[in-house]
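Everything below concerns the one structure shown next.
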Amino acid sequence: MLHQTKGIVLNRIQYGETSLIVHVYTEKFGRQAYMVKGSRSKKSKSKSNLFRPFFLLEMEVYHKEGKNIQSLKEVRLTETLNNLLFDIEKSTMVLFLTEVLSKVLREEEANQELFVFLYNCIRYLDLCEDSIQNFHLYFLTKLTRFLGFYPQLNWSDKYSVFDMDNGRFVEEVNSHAHCLGKQESETLYSLFNTSIDDLNEIKINSKELDLVLRGVLNFYALQSQGFSSLKSLAVIRELFE
């Protein structure tokens, strides 16, 4: 059956000599894989350019429940996101975040709120003219709400270290190997509470940025089954050193 849906490109892999398999988070069906035949041939080269990470698509698709790879009839861009392609900081950010999403978005069902969150974050990242140094931390903290492990935001002077095993803030005397330091825990609490418009009000130096990022990724690894090491982690850490 033919359907219209918006989609967000996560990644693509080559299939055969001229085709692609594209993983897309769709508004109507959640995460799906689509076969794009002949997209890498000389005649259809422009078509393959539509399937870049975080590109926003309007799609006409054939959908069959339980099928591993769906079919795509028509596709076009809903918006042109040039900055995500040509700005080195933004393109590196996209590489990192799409790798995370490829590991944690597994459900093949619609989640309208998650789709809107992703769509709006991508548009913000493309259009933002301010520093994006903290954007990936904002994105990862807010994403936990949709993944089912949003933490208890009970930070205080007494409960000042973040317990990654249990997703809450605890007393320093109860801290263990999977707890963040006090400064990083306070910064993390601020990130969970901030809006995207106030993101750059949170001042983080490069050392703390790295520590908080490591902590957030450890939290993901402890809470999300199968969340493994990221190939793009070294690149984004180097970017903001």
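Values quoted throughout were computed directly from the atomic coordinates according to the rules given, and no laboratory measurement underlies them. This is a predicted model, so every value here is computed, not measured. Cβ atoms come from the backbone with ideal geometry, glycine included; neighbour counts cover every protein chain shown.
Quick one: Debye curve from the alpha-carbon atoms of the stretch 130-239 only, equal weights, vacuum; give me log10 I(q)/I(0) at q = 0.09, 0.10, 0.16, 0.22 Å⁻¹ to two decimals.
Normalising to I(0) and taking log10 leaves -0.21, -0.26, -0.70, -1.34.
Within the stretch 56-214, how many Lys pairs sit with Cα atoms under 18 Å apart, leaving out pairs fewer than 8 places apart on the same chain?
Values: LYS64/LYS73; LYS103/LYS142; LYS158/LYS182; LYS182/LYS203; LYS182/LYS207.
Going through the stretch 56-214 pair by pair, I get 5.
Sorted from fewest to most neighbouring beta carbons within 10 Å, what does the list ILE69, ILE88, ILE236 look like?
Numbers: ILE69 13, ILE88 8, ILE236 19.
Ordered by Cβ neighbours within 10 Å, fewest first: ILE88, ILE69, ILE236.
Ignoring everything except DSSP H segments at least 4 long, calculate the 222 nm mean residue ellipticity for the chain; use -39,500 (n - 2.57) per segment, divide by total residues, nearest 500.
Details: 8 runs with 92 residues, N = 241.
That comes out to -11500 deg cm²/dmol.
Between the stretch 46-73 and the stretch 177-241, what is the C-alpha centre distance in whole Å?
32
In angstroms, what radius of gyration and Dmax does the stretch 1-116 have, counting Cα atoms only?
That works out to 13.6, 40 Å for Rg and Dmax.
Roughly how many nanometres apart are two label points built 7 Å out from the Cα toward the Cβ at PHE149 and ALA177?
Each label point lies 7 Å from its Cα, and together they span 1.6 nm.
Taking the inverse of the average 1/r across all pairs of different Cα atoms in the chain, what Kirkwood radius in Å do you get?
Numbers: mean 1/r = 0.0523 Å⁻¹.
For the chain, the Kirkwood estimate is 19.1 Å.
Rounded to the nearest 5, what % of the DSSP beta bridges within the chain are antiparallel ones? It would help to have the intermediate numbers written out before the result.
Values: 33 of 35 bridges.
If I count the DSSP bridges inside the chain, around 95 percent turn out antiparallel.
So what is the relative contact order for the stretch 154-241, in percent, with contacts set as C-alpha pairs under 8 Å and at least six apart?
Working: 81 pairs, mean separation 20.6, N = 88.
Answer for the stretch 154-241 is 23 percent.
Most exposed first by the Cβ proxy, i.e. fewest other Cβ within 10 Å, how do PHE240, PHE55, PHE86 rank? Intermediate values should be presented prior to the final figure.
On the way: PHE240 18, PHE55 23, PHE86 9.
The fewest-first ordering by Cβ neighbours comes to PHE86, PHE240, PHE55.
Just to be sure I understand: with springs between alpha-carbon atoms less than 10 Å apart, which residue in SER102, SER71, SER131 has the highest mean-square fluctuation in the Gaussian network model of the chain?
SER131
Quick one: putting +1 on the C-beta of Lys and Arg, -1 on the C-beta of Asp and Glu, what dipole do you get for the chain around its Cα centre, in Debye to the nearest 20?
Working: 29 positive and 31 negative charges, 299 e Å.
That gives a dipole near 1440 debye.
For the stretch 99-178, what is the Kirkwood estimate of the hydrodynamic radius, computed as the reciprocal of the mean inverse distance between distinct Cα atoms, to one decimal in Å? Don't skip to the answer; put the middle values down first.
Numbers: mean 1/r = 0.0672 Å⁻¹.
Computed over the stretch 99-178, the radius equals 14.9 Å.
Just name one of LEU222, GLY181, PRO151: the one whose Cα is farthest towards the positive end of the charge dipole of the stretch 130-239 (beta-carbon charges, Lys/Arg +1, Asp/Glu -1).
LEU222
With 10 angstrom as the radius, rank ARG123, ARG76, ARG52 by how many other C-beta atoms surround their C-beta, starting from the fewest. Display every interim value, and only then the final one.
Details: ARG123 15, ARG76 9, ARG52 18.
By the 10 Å Cβ count, ascending, the order reads ARG76, ARG123, ARG52.
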